[in-house]
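> Structure provided below as structure tokens; questions to follow.
Any read-out appearing in this document is the output of simple, stated calculations on the displayed coordinates, not a laboratory observation. Because the structure is a prediction, the values reported are computed rather than measured. Here Cβ is always computed from backbone atoms with ideal geometry, including for glycine, and neighbour counts include all displayed protein chains.
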Amino acid sequence: MSLRADLAVIAAHVAPGARVLDVGCGEGELMEVLQREKGCDARGMEIDPEAVERCVARGLSVVQGDADRDLADYPDDAFDCAILSQTLQTAARPDQLLDELLRIGRRAFVSFPNFAYWRMRFSLLAHGRMPVTRHLPVSWYETQNIHHVTVEDFRELLRAKGVTIEQSWFFTGEREIGGTSANWRAEHAVFQLSR
């Protein structure tokens with residue numbers, strides 16, 4: 001199975017045998033790879049009932065839940081790592097969701113689309129309309145994105161909360177790029193975090 005670039009880098013950095021919670025797990029592609037290739041105890045939470053059904057049909061351990069409220073039900077340090085991929089921008093309070101991830105997981109992986117990517121900036125400047133892109137494929141009125149985060153916005157949030165960035169990766173399409181000027185060069189970002 002071929003994973004999306006952000007999921008592949010996360011999978012490569014999760015320790016073998018780790019206890020993992022994939023928040024917003026979709027159809028469970030990452031969980032399946034972590035179980036099969038790394039022997040992880042991978043569990044998921046997903047808000048979409050159809051995606052939950054597909055995960056369960058694949059034999060994955062997933063609960064239907066809303067990360068904005070249901071992570072509070074998990075005890076402290078219940079997992080070695082908590083994963084939030086391409087979901088931060090859909091949370092009601094991303095700052096509080098980050099706190100919950102780092103409470104229930106000793107480490108967290110967070111990936112998100114970078115709304116400061118140069119092509120998005122150019123499209124907005126040239127056309128005066130919110131762009132539709134490969135990673136943001138629907139019009140502004142159809143999107144689940146309610147917070148438009150940039151790489152620098154996220155770094156500032158981490159500084160304010162005293163969160164440690166262990167590693168970070170930046171991508172344009174499926175190609176990894178360096179961190180220099182990532183705020184305008186990266187289409188999406190992945191951060192490995194701890195307290």
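> What do you get for the angle between helix 94-104 and the principal long axis of the chain? Use alpha-carbon atoms, 0 to 90 degrees, nearest ten.
30 degrees
> A further question on this structure: What chymotrypsin sites (Phe, Trp or Tyr not before Pro) in the range 101-195 are in a loop by DSSP, with at most 15 other Cβ atoms within 10 Å of the Cβ?
Taking the range 101-195 and a limit of 15 other Cβ atoms within 10 Å, the loop chymotrypsin sites (Phe, Trp or Tyr not before Pro) found are Trp140, Tyr141.
> Another one. When the Karplus curve 6.51 cos²θ - 1.76 cosθ + 1.60 is applied with θ = phi - 60°, which whole-Hz ³J(HN,Hα) does each residue of the range 114-128 get, with x for Gly and Pro?
Computed from phi, the couplings for the range 114-128 are 8, 6, 9, 3, 4, 5, 5, 4, 5, 4, 5, 5, 6, 10, x Hz.
> Per DSSP H run of n ≥ 4, the term is -39500 (n - 2.57); total these for the chain, divide by its residue number, and report the mean residue ellipticity at 222 nm rounded to 500 deg cm²/dmol.
Only helices count here, giving -9500 deg cm²/dmol.
> Additional query: Do any trypsin sites (Lys or Arg not before Pro) in the range 82-135 lie in a DSSP loop with no more than 12 other beta carbon atoms within 10 Å, and if so, which?
Arg129, Arg134
> Next question, about the same structure. Counting other Cβ atoms within 10 Å of each Cβ, which trypsin sites (Lys or Arg not before Pro) in the range 1-97 have at most 10 and sit in a DSSP loop?
Passing both the DSSP loop test and the Cβ count: no residue.
> Using amide H atoms built 1.01 Å from N in the peptide plane, name the residues 5+ places from Thr133, or on other chains, whose amide H lies under 5 Å from its own.
Val138
> Another question, then. Quick one: Val110, Val138, Val33, fewest Cβ neighbours within 10 Å first, how do they rank?
Ranked by crowding around the Cβ, least crowded first: Val138, Val33, Val110.
> At most 15 other C-beta atoms within 10 Å and a DSSP loop state: those are the exposed GluC sites (Glu not before Pro) I care about. Give me the longest piece of the chain that has none.
Segment 1-141 is the longest.
> Distance in nm between label sites at His13 and Asp68, each 7 Å beyond Cα in the beta-carbon direction?
Computed distance between label sites His13 and Asp68 equals 2.8 nm.
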